[in-house]
There are 2 protein chains.
Amino acid sequence: MPALANKTYFNYGGQGPLPSPSLAAISEAFATIQELGPFSDAVWPYVNRTVSGLRQRLATWFGVDAARVAFTENVTSGCVLPLWGLPWEAGDELLISDAEHYGVVAALQELARRHQLRITTLAVADLTGDGDPTATAVNERLEAALSPRTRLVVLSHLLWNTGQTMPIAAVAAQLAGHSRHPWLLVDAAQSLGSLPVAEAAAAADIYACTGHKWCCGPEGLGAVALSERLLEASSPTVIGWRTLEHDGPGAGGYHRDARRFEVATSCTPLFAGLNQSLQLLEAEGDADARLAAIRQRSHQLWEGLQQSPGVRTLLAVPPPAGLVSLIMADPRGQALDPAAIVKQLGDRGTWLRTLESPRCLRACTHLVSTADEVERLLDQLSSLAKKAL
Amino acid sequence: MPALANKTYFNYGGQGPLPSPSLAAISEAFATIQELGPFSDAVWPYVNRTVSGLRQRLATWFGVDAARVAFTENVTSGCVLPLWGLPWEAGDELLISDAEHYGVVAALQELARRHQLRITTLAVADLTGDGDPTATAVNERLEAALSPRTRLVVLSHLLWNTGQTMPIAAVAAQLAGHSRHPWLLVDAAQSLGSLPVAEAAAAADIYACTGHKWCCGPEGLGAVALSERLLEASSPTVIGWRTLEHDGPGAGGYHRDARRFEVATSCTPLFAGLNQSLQLLEAEGDADARLAAIRQRSHQLWEGLQQSPGVRTLLAVPPPAGLVSLIMADPRGQALDPAAIVKQLGDRGTWLRTLESPRCLRACTHLVSTADEVERLLDQLSSLAKKAL
């Protein structure tokens with residue numbers, strides 16, 4: 001991973017480093033397409049094999065049939081595209097967690113404006129404790145927040161701000177028992193490649209992912225797992241040749257499977273790159289083993305931060321995955337500006353990021369994070385907190 | 001161009017060959033992003049420079065301000081995304097030419113179904129003569145087809161099936177004089193990189209392009225030029241962080257400029273690749289000079305085909321650009337199957353494609369096409385027509 005050669009990296013939740021074999025796979029795919037085509041009968045079998053190979057691999061990760069997997073350019077498109085073709089009725093409610101990404105929230109606000117839907121809020125950002133009480137609280141709060149008009153629930157699998165995990169399969173089961181059986185949209189931007197996703201992806205109606213964060217694939221390619229009932233109910237909105245079953249005029253209607261949400265030409269070599277990155281992850285162990293390795297480093301970081309003067313982690317317990325968010329204050333208790341800290345750490349070759357809500361720092365550990373890197377970050381944070389006097 | 005090393009290529013309208021310097025630019029961009037980031041304060045200036053450099057270059061090609069240019073994954077997204085946020089009223093009419101790509105037509109049909117719009121047709125596929133009578137006919141037919149309910153006109157700049165060019169700027173002027181001033185959507189899939197586009201792109205409301213055909217850029221990146229009145233009237237529909245002016249919660253609303261139609265993460269290295277391809281085209285001469293070179297070969301092909309027994313070109317005159325569509329019959333006058341011809345030519349290393357409506361063959365010539373290649377194609381077509389006895 002060339003990205004890791006010259007820095008101490010903690011932004012896996014922003015973008016993962018691209019392994020050299022994945023960049024090589026991308027370059028080789030470009031070369032193969034040029035050799036066979038780029039537009040010829042000779043190239044289509046290669047393109048189809050590349051796309052369907054990745055679709056099958058992701059389907060295995062998701063624990064669903066490949067017919068339920070659509071490719072998108074990014075996680076936001078996976079979240080949003082299937083929503084616009086659902087049969088909304090004015091007055092329907094969208095129940096959105098208070099820890100969702102602002103891009104998705106803005107899309108939901110526009111959907112609500114156009115269809116006269118009502119937005120209600122599910123508080124989860126304050127759930128910073130252990131998994132079991134968190135799951136219980138989500139269950140109780142969801143029960144209280146659901147109304148006969150609730151038509152969609154929006155909840156991330158791994159919250160991008162606090163780093164808490166949500167009990168997606170349990171939420172799906174709870175929604176199935178609700179009179180309107182609301183759709184469940186799961187933003188899985190932080191979960192594919194970090195958590196085991198099969199149970200959640202199979203249970204959600206829309207489980208939208210990207211390849212460029214924890215999967216360490218190239219930017220510009222994501223995927224979404226869709227439930228059968230959603231495929232049945234939702235019409236495609238952004239339509240192109242890939243949406244259509246029949247490739248020609250007079251069209252034979254939309255694909256019945258998830259491809260109905262694919263649009264038109266995308267970059268095939270990126271599929272080869274992501275496939276390679278996923279294979280590299282698989283070689284490190286199964287999803288549980290990989291999460292255990294991620295947590296070994298995130299726990300080291302979280303525990304070290306408990307000893308750091310002036311630091312408060314958002315999570316009150318060791319993190320369930322690789323996201324560690326924190327707020328820093330100087331010895332007088334004055335909050336330190338996260339952007340200034342990011343800059344000063346960056347000057348030392350250590351990269352983490354700020355978040356705006358809550359205003360904090362976020363450091364991520366991945367499989368490749370080392371104990372030394374975590375110690376270095378802890379030292380650097382301590383020294384910054386002291387200097388801030 | 002490695003793609004041209006092992007074949008005789010006539011599918012520039014399907015996908016252009018990627019020049020080696022463009023593939024190198026893509027690989028270098030991936031490497032630079034890894035070196036500086038991939039997610040760090042150090043990488044953003046590079047990413048922003050890469051994206052805005054291409055935006056400025058395309059704006060110059062389009063003859064519009066950079067604020068009117070949005071990036072999309074492909075030409076279809078450029079056509080379709082801006083449509084869903086326009087203020088449609090039930091009963092509005094979409095006037096669609098009979099030579100549009102079936103993917104865009106399917107998208108318009110769904111738009112019409114959702115908003116109870118009416119689809120009407122503008123016949124242009126039969127206009128196979130010279131530019132002036134074609135322009136006159138388009139003007140007259142448009143006048144006859146427009147109604148007080150017409151709200152959108154959809155017309156390609158360079159028709160993908162017949163290879164005819166449409167007088168886009170004149171159509172835009174005509175629509176401006178119409179009481180409802182209908183929007184003008186131009187599918188420019190075949191024109192960017194083959195025709196001078198500045199006049200048309202500046203005149204249309206939506207001028208949607210791709211980088212992977214005549215521009216010889218990588219697949220998976222397109223751009224759309226949008227008029228100021230469209231930017232004013234249309235709300236974004238597929239929304240993500242790139243749509244938003246303020247990068248955070250509570251959002252500051254959408255970008256006022258064309259970025260309001262961009263969504264979320266896309267593949268920055270593709271921007272570097274397309275920029276390189278456009279620079280290579282610029283080095284070959286200005287848009288008029290490049291079109292003259294394209295036409296030199298398409299005229300050679302068209303004229304040769306007039307002498308080929310059993311061949312009928314769709315255009316009755318030498319082509320205005322690089323697309324040459326033809327129908328073949330055996331010496332008994334029996335139509336030959338285009339797919340079988342494509343296969344047999346492919347076996348000889350010569351690549352063109354079939355179209356379904358009208359059912360025909362299409363060969364494209366580009367700047368890099370040689371007189372020898374055109375002669376070879378003519379010989380191969382003649383020999384196939386004779387064998388078909």
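Distance between the 7 Å Cα→Cβ label points at residue B:56 and residue A:44: 4.3 nm. Tell me whether chain B comes out rounded, prolate or oblate; compute the Cα gyration tensor, take square roots of the eigenvalues as a ≥ b ≥ c, and use a/c under 1.5 as the rounded threshold. Oblate shape, in that a/c is at least 1.5 and b/c is the bigger or equal ratio. Based on C-alpha pairs under 8 angstrom that are at least 6 apart in sequence, the stretch B:285-387 has a relative contact order of 31 percent.
Would you please classify the overall shape of the stretch B:285-387 from the alpha carbon gyration tensor, given that a ≥ b ≥ c denote the square roots of the eigenvalues, rounded means a/c under 1.5, and beyond that prolate means a/b larger than b/c while oblate covers the rest?
Details: a/c = 1.89, a/b = 1.68, b/c = 1.12.
In terms of gyration-tensor shape, prolate.
Of A:7/B:213; A:213/B:7; B:213/B:343; B:213/B:387; A:213/A:387, which pairs sit farther than 29 Å apart, going by alpha carbon to alpha carbon? A:7/B:213; A:213/B:7; B:213/B:387; A:213/A:387, as the Cα separations exceed 29 Å there.
Once you charge only the Cβ atoms, +1 for Lys and Arg and -1 for Asp and Glu, what is the size of the charge dipole of the stretch A:24-281 about its Cα centre, to the nearest 20 debye?
Dipole about the Cα centre, nearest 20: 340 debye.
Computed over the alpha-carbon pairs of the stretch A:257-344, the distance histogram in 5 Å steps reads 3, 11, 13, 13, 12, 10, 12, 11, 8, 4, 2, 0 percent, short to long.
Given the protein assembly as shown, what percent of its DSSP beta bridges are antiparallel, to the nearest 5? Numbers along the way, then the final one.
On the way: 46 of 86 bridges.
The antiparallel fraction comes to roughly 55 percent.
Ordered shortest first, which distances in nm separate the 7 Å Cα→C-beta label point of residue B:383 from those of the other copies? Those label-point separations list as 7.4 nm. Taking only the Cα atoms of the stretch B:13-102, the radius of gyration and Dmax are 18.3, 55 Å. Between residue A:149 and residue A:119, the distance separating the two model label sites (each 7 Å from Cα on the Cα→Cβ line) works out to 1.6 nm.
Could you work out the mean count of beta carbons from other protein chains within 10 Å of each residue's beta carbon in A:232-245? Don't skip to the end; give the middle numbers.
Values: counts 0, 0, 0, 3, 3, 9, 14, 12, 13, 7, 3, 5, 4, 0.
Counting other chains' Cβ atoms within 10 Å and averaging over A:232-245 gives 5.
Placing pseudo-labels 7 Å out from each Cα toward the beta carbon at residue B:375 and residue B:65 gives an inter-label distance of 5.3 nm.
Rounded to the nearest 10 degrees, the angle from helix B:371-387 to the longest Cα principal axis of chain B is 60 degrees. Its alpha carbons give the protein assembly as shown an Rg and a Dmax of 27.2, 96 Å. Across chain B, Cα pairs under 8 Å and at least six residues apart give a relative contact order of 21 percent. Highest average first, the peptides B:332-341, B:119-128, B:236-245 ordered by how many other beta carbon atoms sit within 10 Å of their residues are B:236-245, B:119-128, B:332-341.
Distances, shortest first, from the label point of residue A:296 to those at the same position in the other copies read 6.6 nm; the point lies 7 Å along Cα to C-beta. Ranked by the mean number of other Cβ atoms within 10 Å of their residues, highest first, the peptides B:59-66, B:111-118, A:254-261 fall in the order A:254-261, B:59-66, B:111-118.
Every Cα-Cα pair in the stretch A:144-198 was counted, and those over 12 Å apart are 65% of them. Between copies, the label points at residue A:332 (set 7 angstrom from Cα along Cα-to-Cβ) are spaced 9.9 nm, reported in nanometres from shortest to longest.
Bridges between two residues of the stretch A:24-281, per DSSP, are antiparallel at a rate of about 40%. Taking the Cα centre of the stretch A:285-387 as reference, the dipole from Cβ charges on Lys and Arg (+1) and Asp and Glu (-1) amounts to some 300 debye.
Here the sum of -39500 (n - 2.57) over DSSP H runs of 4 or more residues, divided by the residues of chain B, equals -12500 deg cm²/dmol at 222 nm, to the nearest 500.
Summing Lys, Arg as +1 and Asp, Glu as -1, what charge do residues with Cβ under 13 Å from the Cβ of residue B:360 carry, residue B:360 excluded? All intermediate terms of the calculation are to be shown ahead of the outcome.
On the way: positive: B:312, B:353, B:359, B:362; negative: B:337, B:356.
The answer is +2.
Counted residue by residue at 0.36 nm each, then reduced by the alpha carbon distance between them, the extension gain from residue A:307 to residue A:334 reaches 7.9 nm.
Evaluate peptide A:102-111: per residue, the Cβ atoms of other protein chains within 10 Å of its Cβ; return the mean as an integer.
Values: counts 9, 11, 4, 4, 11, 9, 1, 2, 8, 2.
For this peptide, the per-residue mean of nearby foreign Cβ atoms is 6.
Remark: the residue A:284-residue A:327 segment gains 12.2 nm on full extension, using 0.36 nm per residue and subtracting the alpha carbon distance. When both the stretch B:50-114 and the stretch B:163-198 are represented by their alpha-carbon centers, they are found 12 Å apart.
Take every residue in peptide A:73-85, count the Cβ atoms of other chains within 10 Å of its Cβ, and give the average of those counts. Intermediate values should be presented prior to the final figure.
Numbers: counts 12, 9, 3, 9, 8, 1, 4, 6, 3, 0, 1, 4, 2.
Shielding by partners across A:73-85 averages 5.
Taken together, the values in this text are just the output of simple stated rules run on the coordinates, not laboratory data. Everything quoted here is computed from the prediction, not taken from an experiment. Methodologically, a virtual Cβ is constructed for each residue, glycine included, from the backbone with ideal geometry; neighbour enumeration extends over all protein chains shown.
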